[in-house]
1. Of all residues being assigned to a loop (DSSP other than H, G, I, E, B) and of a type in the set (D, E, K, R) in the stretch 29-46, which is least open to solvent (accessible area, probe 1.4 Å)? Just the residue, please.
2. Can GLY126 be described as surrounded by 13 or more Cβ atoms within 10 Å (Cβ to Cβ), at pLDDT 90 or above, part of a strand (DSSP E or B) and in contact with a Pro (Cβ under 6 Å, 6 or more places away or on another chain)?
3. Can you work out which of the residues in the stretch 132-151 that are out of contact with any helix residue (DSSP H, G or I) (no Cβ under 8 Å at 6 or more places or on another chain) and polar (S, T, N, Q) is farthest from TYR50 (Cα to Cα)?
4. For the stretch 47-61, what are the residues that are touching a helix residue (DSSP H, G or I) at 6+ places or on another chain (Cβ under 8 Å) and either closer than 17 Å to LYS177 by Cβ or open to solvent by 10 Å² or more (accessible area, probe 1.4 Å) (or both)?
5. With the requirement that a residue be open to solvent by less than 50 Å² (accessible area, probe 1.4 Å) and either at pLDDT 80 or above or in a strand (DSSP E or B) (or both), what does the stretch 129-165 give you?
6. I need the full set of residues from the stretch 287-316 which are within 18 Å of the chain's Cα centre (by Cα) and open to solvent by 30 Å² or more (accessible area, probe 1.4 Å), in order please.
7. Would you pick out the residues in the stretch 48-79 that are within 21 Å of LYS145 (Cβ to Cβ) and assigned to a loop (DSSP other than H, G, I, E, B)?
8. Which of the residues spanning the stretch 91-123 are part of a strand (DSSP E or B), more than 24 Å from LEU168 (Cβ to Cβ) and either free of Cβ contacts under 8 Å to residues at least 24 places away in the same chain or open to solvent by 60 Å² or more (accessible area, probe 1.4 Å) (or both)?
Amino acid sequence: MRTICFVLMLNAAFADYGGGYAGAGFRYGSNAREFALAGALIADKTPGFYPFSNPALLQFSKSNHIGLSINSMSLDRSIQSFSFSRRLPPSAGVGVAILRAGTDNIQGRNFENQITETFSVYDLEGIISFGVALGSKLAFGLNIKIIYPNLAPEIMDKYSGNQDGTALSGDLGVIYKFHRRLIFGGLIQNLGGSYNWKLTNPWEDKERNYLEELPQIISIGAAYSKIKGVILFFQEDIVSTPGNDVNYRTRIAGEFHLRNDIKLRAGLKQARGTAPTGVQADGLNIKPSFGVGVPIKVWQRQYIHLDYALDLGSVGEGLSHLFSFSLEF
């Protein structure tokens, strides 16, 4: 046990997680429950958002699920997601999802620091998911993802011509149910993924092409619910960046079930990666997260589940309030 604690402390002190590379907006989180639990959901289902956590979790679908997130964040950032999943008898599930991450009202300036027009950037990610159980303990899942970026069309269309950076990648997930109270999960993200940029310059009448690779992320984790009214989560991310550097990120969280199916959530994850040589990083290398889940009765036994999470910010960018809704029918 002391050896495990020592390894976890080393990870928290010296690890990195691939921030600043292609597709970073999609690594923030797709829904409020995921963020409140520090993203440590590789082995636990979030109704309405199965494809975003682990496609192997689709085998848990007992009916149809819809999930919707509307996150208006500080600094004019926003993330929206929509997901639909359904059961495929006898032991499989299928889902489709879309996620948009972007920033609006970016103030442009020219070489003389004079204010020009405002512009926006966003990335769209579409996902088709499938999961199947092989017996009572083991399940596998697959995501097929297509990413379409839109970088400041107000400027690109005017000065640099057309842009096309569409990316295609896949995720492979696995779930192993050790027993009813302990579930292990694994996920390999961004298999074969890269942005294929094609820029057309209208003044030179020629096209430039280059690839921007997505970091490959291997995640392993567990969900433990032996304690009455409490679920504990652990996840370790192993990130391989385009330069073949291997970095790590640790996440731990807990969900506490109160009366009337109200849930309180809290989590911790690494706030930053390894500091450059000669640079002293101040403060603890952890970022807390908090949230709550509340069922809202709409008719008879039909409920809409409202999830809320609070983002305290990482570098003083201000508070962000995240909302998600899910419906089972």
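The values are calculated or read from the model by the stated rules, or taken from the named source; none is laboratory data. Model, not experiment: these values are computed from the prediction. No Cβ is skipped: glycine too gets one built from the backbone with ideal geometry, and neighbour counts run over all protein chains shown. Protein only, heavy atoms only, side chains kept; ligands, DNA and RNA dropped before computing areas. Shrake-Rupley method; radii C 1.70, N 1.55, O 1.52, S 1.80 Å.
1. Keep residues of the stretch 29-46 that are assigned to a loop (DSSP other than H, G, I, E, B), which gives 29-31, 37-46.
Next, from what is left, pick out any that are of a type in the set (D, E, K, R): 44-45.
Working: ASP44: 22, LYS45: 83 Å².
Result: ASP44.
2. No; evaluated as a whole, the condition is false for this residue.
3. Out of the qualifying residues, it is ASN150.
4. Selection gives TYR50, PHE52, SER53, LEU57, LEU58, PHE60, SER61.
5. Answer for the stretch 129-165, where residues must be open to solvent by less than 50 Å² (accessible area, probe 1.4 Å) and either at pLDDT 80 or above or in a strand (DSSP E or B) (or both): SER129, GLY131, VAL132, ALA133, ALA139, GLY141, ASN143, LYS145, ILE147, PRO149, ASN150, GLN163.
6. PRO288, PHE290, TYR308, LEU310, LEU312, SER314
7. GLY48, PHE49, ASN54, SER61
8. Scanning the stretch 91-123 gives ASN105, GLN107, ARG109, ILE115, THR116, GLU117, THR118.
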